[in-house]
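**Student:** Input: one structure, supplied below.
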Amino acid sequence: MITELRGGRYLDLEKDTQFSEAWIMLGIMLTLGGLLLNIQSMLAVALILFVVAAAGWLWNELSLFGLHYQRHFSETRAFLGETIELTLEVRNQKFLPLTWLQITDVFPASLPLDQGKIVVNPATNQGEYLTFWMPGAFQRLKRNFTFHCTERGYHTYGPTTISTGDGFGLFIRKAKRHNREHIIVYPRIYSVAEMRLPTKNPLGDRGVERRIFEDPMRTKGIREWRSGDGLRRVHWKATARHRQMLSRIYEPSEDPQILIFLNVSTMRRAWQGHIPELLERLISVAGSLAAMCVDMRLPVGLIANGFLPGSDQTIRLLPGRSPEQLVRILELLAAITPVFAQPIEELLLREAPRLPWGATVVVVTAVVHDELLAALSDLEQAGRQIVLFTLAEEPPVREIPGVLVYHLPHLVEDLIAPKEVVF
Amino acid sequence: MIFTEFSQAIQENVSQVIIGKADVTELMLVALLVEGHVLLEDVPGIGKTTLAKALARSLDCSFARIQFTPDLLPSDVTGLNIYNQKRQDFEFRPGPVLNQMLLADEINRATPRTQSSLLEAMQEHQITVDGKTYQLPRPFIVIATQNPIELEGTFPLPEAQVDRFLMQLRLGYPSAEEEDEILRRYQRSDPLIDLRAVATAEDVLELQRQARDIHVSTDVRNYILQMARTTREHEAVDLGVSPRGTMALFKASQALAALRGRDYVIPSDVQHLCPPILAHRIYISPRIRLRGRTPAQVVAEITDTVPVPVVE
């Protein structure tokens with residue numbers, strides 16, 4: 001809210017004026033001429049000139065006092081395709097009306113308004129929306145808009161440049177307000193049916209074949225007590241029955257966790273660029289799998305070889321069961337960019353030693369090449385459970401024993417150009 | 001001992017150790033007076049354990065602490081029968097739950113089965129081990145802590161279990177002045193060591209009895225009911241406050257009014273208690289949560305919209 005003229009509340013305060021010293025000189029000359037030539041009308045004109053200039057100057061000085069500008073969004077987070085209502089509000093909390101007020105607000109060009117046009121400023125490459133207002137004394141004005149969330153992302157509104165001045169048009173005052181707000185548009189979420197996954201165990205059977213660690217909650221037998229067995233391990237009832245110290249044998253268990261690895265690369269080589277729409281589908285699949293895991297009450301995490309805007313670190317969110325986990329994952333997916341740090345197979349092999357035992361590795365990719373298949377094979381042989389989701393045109397050229405593969409071409413069939421048919 | 005003396009004595013005593021959290025201390029006294037339990041959710045190093053210990057020392061109550069870990073067994077909480085070969089008989093080794101004040105640290109790190117063993121004890125005020133029932137001491141309060149930023153290897157309490165806690169509190173970071181005072185006060189020694197009791201368990205029991213007699217007018221009672229019912233009808237809420245929650249708000253309002261020196265409840269007592277008592281009991285749908293709305297925000301909306309009764 002703008003309430004002060006000074007005190008660091010404004011940045012880049014500019015004054016632009018139609019008024020100059022020439023007006024003062026003119027007034028002085030008219031006054032002198034009127035006095036010397038005894039022409040009352042010249043004196044009157046000079047007086048009017050001085051009064052108008054002074055009034056205009058004072059009006060301009062006070063124009064930004066008590067002036068408030070706010071944006072109100074019906075939602076600050078939404079899914080792709082949803083509509084958000086935006087209300088712009090101007091309040092003039094002073095006796096002085098403003099005959100003109102121009103507000104230039106930075107709006108994301110990727111979220112077009114239904115009721116207005118966002119113009120891209122070629123100098124800044126940012127979208128700008130101009131509004132003109134005439135707030136009277138102590139008046140509140142509102143304008144309502146709607147826009148559709150047509151693009152996934154972390155969209156920023158603001159800063160705002162406010163221009164106003166006196167009613168005579170002699171002076172202009174500008175101020176910049178760094179009132180940034182963000183709208184997060186989550187990726188589209190597919191249902192299990194849309195992804196055509198089995199409803200039961202879509203991420204594979206979770207039988208335990210290897211001893212991962214002993215679960216003290218699950219007793220499967222008893223044995224003789226050994227040095228090192230604590231009191232907690234002793235089976236006291238069996239001990240009383242058999243009259244010798246007997247300890248429990250625990251069943252092996254693992255903590256089921258899902259780690260989604262998202263490969264943001266849509267082409268074989270980085271220099272080949274990327275296919276934006278294919279990337280969006282990949283991100284949607286990753287988000288959908290995360291939502292599915294949360295529904296199944298499985299701890300799920302996300303690792304991606306893409307960057308967030310302004311960051312040079314890959315995305316790494318470890319599995320968790322918190323109710324906020326899906327929010328965190330979708331926020332990351334909303335912001336992820338196609339710029340990638342390293343090939344997915346390198347990321348997999350780098351992260352593998354740090355993954356918790358029993359974690360299922362779920363890879364989402366649009367490009368399946370030999371290096372990736374080799375990395376998956378290595379991980380499978382090291383004891384990891386692997387599930388591969390591929391949006392490539394063709395299924396993987398070879399099978400990897402132990403790796404569950406889902407080929408989802410139906411999610412991208414509208415992106416694949418029809419093959420030329422030669423007769 | 002009267003309520004205001006009790007409150008002031010405890011607050012002053014605890015403030016020697018915990019700086020600047022008088023409102024949280026007051027809410028914990030409310031929980032104590034209505035035989036409720038508290039869930040403290042906050043980041044590490046904020047003083048949760050210190051606050052619980054300070055409260056225990058101030059009340060001259062027996063105190064135990066359990067550090068919850070993924071391999072903690074129910075018997076580690078309740079106790080177990082150990083076979084004594086000499087006497088050819090089992091002897092019961094009581095668990096830490098058989099103390100008047102129990103600090104359950106990082107309760108979300110234990111498995112659901114172990115969590116349940118504590119939560120059942122909290123609800124029933126007794127434990128059963130190998131068919132034999134043991135009554136828990138009185139007064140009895142459980143202060144459980146949860147670390148909200150710990151993601152890996154945690155088991156967040158299910159909604160039905162969180163409902164068993166009277167209130168969920170956050171301590172929050174101290175202000176700059178408070179943190180400066182902490183550094184000065186803890187520079188040479190730990191003030192917790194020198195803390196003495198200023199009330200007894202018998203005082204607490206007596207005040208618990210008296211708190212039930214605090215007057216609640218029909219208007220205020222309806223206000224409490226309306227708060228609870230509105231949570232069930234709110235469009236953002238999938239699961240509203242249970243009758244247990246309504247009762248909790250009712251009793252806690254009585255206790256708060258008493259601690260503030262009144263023998264009647266006023267609407268602002270109810271409003272003050274709504275966030276800590278109701279927010280953790282409502283379940284908002286995942287879709288609403290994804291839009292950035294939290295249970296605390298929904299409770300604040302409800303508190304703002306339910307009409308406050310006015311005495312004419």
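The values are calculated or read from the model by the stated rules, or taken from the named source; none is laboratory data. Predicted model only: the values in this text are computed from it and were never measured. Backbone-built Cβ (ideal geometry, glycine too); neighbour counts: all protein chains shown.
**Student:** Please verify whether B:Arg291 is more than 14 Å from every other protein chain (Cβ to nearest Cβ) and basic (Lys, Arg), treating the condition exactly as stated. Explain how you work it out, then say what you get.
**Tutor:** On the way: more than 14 Å from every other protein chain (Cβ to nearest Cβ): no; basic (Lys, Arg): yes.
So B:Arg291 fails the test.
**Student:** Continuing with the same structure: Does the stretch A:352-372 contain any residue that is at pLDDT 90 or above, closer than 21 Å to A:Ile275 by Cα and within 14 Å of chain B (Cβ to nearest Cβ)?
**Tutor:** no
**Student:** Sticking with this one: Just give me the residues in the stretch A:128-157 being in a strand (DSSP E or B) and among the aromatic types (Phe, Trp, Tyr), in sequence order.
**Tutor:** Step one: list which residues in the stretch A:128-157 are in a strand (DSSP E or B), which gives A:128-133, A:139-148, A:153-157.
Once the filter is applied, which keeps residues that are in a strand (DSSP E or B) and among the aromatic types (Phe, Trp, Tyr), the stretch A:128-157 yields A:Tyr129, A:Phe132, A:Trp133, A:Phe145, A:Phe147, A:Tyr154, A:Tyr157.
**Student:** Take A:Ala78 and decide whether it is part of a strand (DSSP E or B), within 30 Å of the chain's Cα centre (by Cα) and not acidic (Asp, Glu).
**Tutor:** Values: part of a strand (DSSP E or B): yes; within 30 Å of the chain's Cα centre (by Cα): yes; not acidic (Asp, Glu): yes.
Judged against the criteria, A:Ala78 is a match.
**Student:** Which of the residues belonging to the stretch A:86-125 are part of a strand (DSSP E or B), surrounded by 16 or more Cβ atoms within 10 Å (Cβ to Cβ) and not acidic (Asp, Glu)?
**Tutor:** Across the stretch A:86-125, the qualifying residues are A:Leu86, A:Leu88, A:Val90, A:Arg91, A:Asn92, A:Leu101, A:Ile103, A:Thr104, A:Val106.
**Student:** Among the residues of the stretch B:272-294, count how many are under 18 Å from the mean Cα position of the chain (by Cα) and not aliphatic (A, V, I, L, M). It would help to see each step written out before you state the result.
**Tutor:** Filtering the stretch B:272-294 for residues under 18 Å from the mean Cα position of the chain (by Cα) gives B:272-282.
Remaining after also requiring not aliphatic (A, V, I, L, M): B:272, B:274-276, B:280-281.
Count: 6.
**Student:** For the stretch A:306-421, list the strands (runs of 3 or more DSSP E) that sit wholly inside it and hold at least 3 residues that are of a type outside the set (A, V, I, L, M) and within 25 Å of the chain's Cα centre (by Cα); which are they? Steps first, answer last, please.
**Tutor:** Working: elements: A:314-320, A:359-365, A:385-390, A:403-407.
Passing ranges, in order: A:314-320.
**Student:** Next up: So which residues in the stretch A:262-301 are in a loop (DSSP other than H, G, I, E, B), in contact (Cβ under 8 Å) with a residue 12 or more places away in the chain and away from chain B (no Cβ under 12 Å), if there are any at all?
**Tutor:** Answer for the stretch A:262-301, where residues must be in a loop (DSSP other than H, G, I, E, B), in contact (Cβ under 8 Å) with a residue 12 or more places away in the chain and away from chain B (no Cβ under 12 Å): A:Asn263, A:Val264, A:Ser265, A:Thr266, A:Met267, A:Arg268, A:His274, A:Ile275, A:Leu298.
**Student:** Name the single residue that is farthest from the other protein chains (Cβ to nearest Cβ) among those in the stretch B:34-73 being assigned to a strand (DSSP E or B) and more than 11 Å from B:Thr145 (Cβ to Cβ). Let's see the steps before the verdict.
**Tutor:** Taking the stretch B:34-73 as the starting set, the residues that turn out to be assigned to a strand (DSSP E or B) are B:38-41, B:63-67.
If we keep only those that are more than 11 Å from B:Thr145 (Cβ to Cβ) as well, we get B:63-64.
Details: B:Phe63: 23, B:Ala64: 17 Å.
Per the criteria, the residue is B:Phe63.
**Student:** If you check A:Pro135 against the conditions, is it under 28 Å from the mean Cα position of the chain (by Cα) and either in the same structural domain as A:Arg173 (by TED's automatic domain parsing) or of a type in the set (Val, Ile, Thr) (or both)?
**Tutor:** Values: under 28 Å from the mean Cα position of the chain (by Cα): no; either in the same structural domain as A:Arg173 (by TED's automatic domain parsing) or of a type in the set (Val, Ile, Thr) (or both): yes.
Here the answer is no, as A:Pro135 does not meet what is asked.
**Student:** Next question, about the same structure. For B:Leu256, which of the numbered conditions (1) assigned to a helix (DSSP H, G or I); (2) out of contact with any His (no Cβ under 8 Å at 6 or more places or on another chain) fails to hold?
**Tutor:** Just one mismatch for B:Leu256, condition (2).
**Student:** Just need a number here: residues in the stretch A:218-237 that are surrounded by fewer than 16 Cβ atoms within 10 Å (Cβ to Cβ), closer than 13 Å to B:Asn81 by Cα and modelled with pLDDT of 85 or more.
**Tutor:** 0
Per-residue answers, yes or no, for (1) touching a Ser or Thr at 6+ places or on another chain (Cβ under 9 Å); (2) more than 14 Å from chain B (Cβ to nearest Cβ):
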site: A:Ala137; (1), (2): no, yes
site: A:Thr146; (1), (2): yes, yes
site: A:Thr164; (1), (2): yes, yes
site: A:Gly169; (1), (2): yes, yes
site: A:Arg173; (1), (2): yes, yes
site: A:Pro187; (1), (2): yes, no
site: A:Ala193; (1), (2): yes, yes
site: A:Gly204; (1), (2): yes, yes
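**Student:** Additional query: Could you list all residues from the stretch B:186-227 that are part of a loop (DSSP other than H, G, I, E, B), closer than 23 Å to B:Ala255 by Cβ and not acidic (Asp, Glu)?
**Tutor:** Within the stretch B:186-227, B:Ala197, B:Val198, B:Ala199, B:Thr200, B:Arg212, B:Ile214, B:Val216, B:Ser217 meet the criteria.
**Student:** Looking at B:Leu169, B:Leu151, which one is assigned by TED's automatic domain parsing to the domain that holds B:Ala104 and modelled with pLDDT of 90 or more?
**Tutor:** Details: B:Leu151 fails: modelled with pLDDT of 90 or more.
Just one listed residue meets the conditions, B:Leu169.
**Student:** OK, next. Regarding the stretch A:313-332, can at least one residue be identified that is more than 14 Å from every other protein chain (Cβ to nearest Cβ) and of a type outside the set (Val, Ile, Thr)?
**Tutor:** Within the stretch A:313-332, one or more residues are more than 14 Å from every other protein chain (Cβ to nearest Cβ) and of a type outside the set (Val, Ile, Thr).
**Student:** Quick check: is even one residue across the stretch A:288-295 touching a Leu at 6+ places or on another chain (Cβ under 7 Å), of a type in the set (S, T, N, Q) and buried (at least 19 other Cβ atoms within 10 Å of the Cβ)? I'd like the intermediate steps shown before the answer.
**Tutor:** Restricting attention to the stretch A:288-295, the residues satisfying the condition of being touching a Leu at 6+ places or on another chain (Cβ under 7 Å) are A:290-291, A:294.
Filter again for of a type in the set (S, T, N, Q), leaving none.
No, the stretch A:288-295 has no match at all.
**Student:** Give me the pairs, please: first residue somewhere in the stretch B:186-214 and under 16 Å from B:Ile2 (Cα atoms), second residue anywhere and charged (D, E, K, R) and surrounded by 10 or more Cβ atoms within 10 Å (Cβ to Cβ), beta-carbon distance under 6 Å, and either six or more positions apart or on two chains.
**Tutor:** B:Thr200/B:Asp60; B:Ile214/B:Asp263
**Student:** Any idea which residue in the stretch B:122-175 is surrounded by the most Cβ atoms within 10 Å (Cβ to Cβ), counting only those that are among the acidic types (Asp, Glu) and within 24 Å of B:Arg281 (Cβ to Cβ)?
**Tutor:** Restricting attention to the stretch B:122-175, the residues satisfying the condition of being among the acidic types (Asp, Glu) are B:124, B:130, B:150, B:152, B:159, B:163.
From what is left, the residues that are within 24 Å of B:Arg281 (Cβ to Cβ) are B:124, B:150, B:159, B:163.
Working: B:Glu124: 12, B:Glu150: 16, B:Glu159: 14, B:Asp163: 20.
By that ranking, first place goes to B:Asp163.
**Student:** Looking for something within 12 Å of chain A (Cβ to nearest Cβ) and under 13 Å from the mean Cα position of the chain (by Cα) - is there at least one such residue anywhere in the stretch B:112-132?
**Tutor:** Checked against the condition, which is being within 12 Å of chain A (Cβ to nearest Cβ) and under 13 Å from the mean Cα position of the chain (by Cα), the stretch B:112-132 yields no hits at all.
**Student:** Kindly indicate whether B:Leu98 is hydrophobic (A, V, I, L, M, F, W, C) and in contact with a helix residue (DSSP H, G or I) (Cβ under 9 Å, 6 or more places away or on another chain). First the steps, then the outcome.
**Tutor:** Numbers: hydrophobic (A, V, I, L, M, F, W, C): yes; in contact with a helix residue (DSSP H, G or I) (Cβ under 9 Å, 6 or more places away or on another chain): yes.
For B:Leu98, the condition - hydrophobic (A, V, I, L, M, F, W, C) and in contact with a helix residue (DSSP H, G or I) (Cβ under 9 Å, 6 or more places away or on another chain) - is met.
**Student:** Moving on. Restricting to the stretch A:51-75, give me the number of residues that are farther than 24 Å from A:Lys174 by Cα and of a type outside the set (S, T, N, Q). Spell out the reasoning first.
**Tutor:** Taking the stretch A:51-75 first, the residues farther than 24 Å from A:Lys174 by Cα are A:73-75.
If we keep only those that are of a type outside the set (S, T, N, Q) too, we end up with A:73, A:75.
Of the residues in the stretch A:51-75, 2 are farther than 24 Å from A:Lys174 by Cα and of a type outside the set (S, T, N, Q).
**Student:** Hey, any hits in the stretch A:52-61 for a residue that's crowded, with 17+ Cβ neighbours inside 10 Å, under 31 Å from the mean Cα position of the chain (by Cα) and aliphatic (A, V, I, L, M)?
**Tutor:** The answer is no; no qualifying residue exists.
**Student:** Determine whether the stretch B:61-77 contains at least one residue that is more than 20 Å from B:Val162 (Cβ to Cβ), aromatic (Phe, Trp, Tyr) and at pLDDT 85 or above.
**Tutor:** Yes, some residue in the stretch B:61-77 is more than 20 Å from B:Val162 (Cβ to Cβ), aromatic (Phe, Trp, Tyr) and at pLDDT 85 or above.
**Student:** Scanning the stretch B:74-107 for residues that are part of a helix (DSSP H, G or I) and not acidic (Asp, Glu), which turns out surrounded by the fewest Cβ atoms within 10 Å (Cβ to Cβ)?
**Tutor:** Our first condition is that a residue be part of a helix (DSSP H, G or I); within the stretch B:74-107, this holds for B:74-78, B:107.
When the remaining residues are screened for being not acidic (Asp, Glu), the result is B:74-75, B:77-78, B:107.
Numbers: B:Pro74: 22, B:Ser75: 18, B:Val77: 26, B:Thr78: 22, B:Ile107: 27.
Top of the filtered list is B:Ser75.
**Student:** Still on this structure: Checking A:Asp215 against (1) part of a strand (DSSP E or B); (2) modelled with pLDDT under 85; (3) surrounded by 14 or more Cβ atoms within 10 Å (Cβ to Cβ); (4) more than 14 Å from chain B (Cβ to nearest Cβ), which test does it fail?
**Tutor:** (4)
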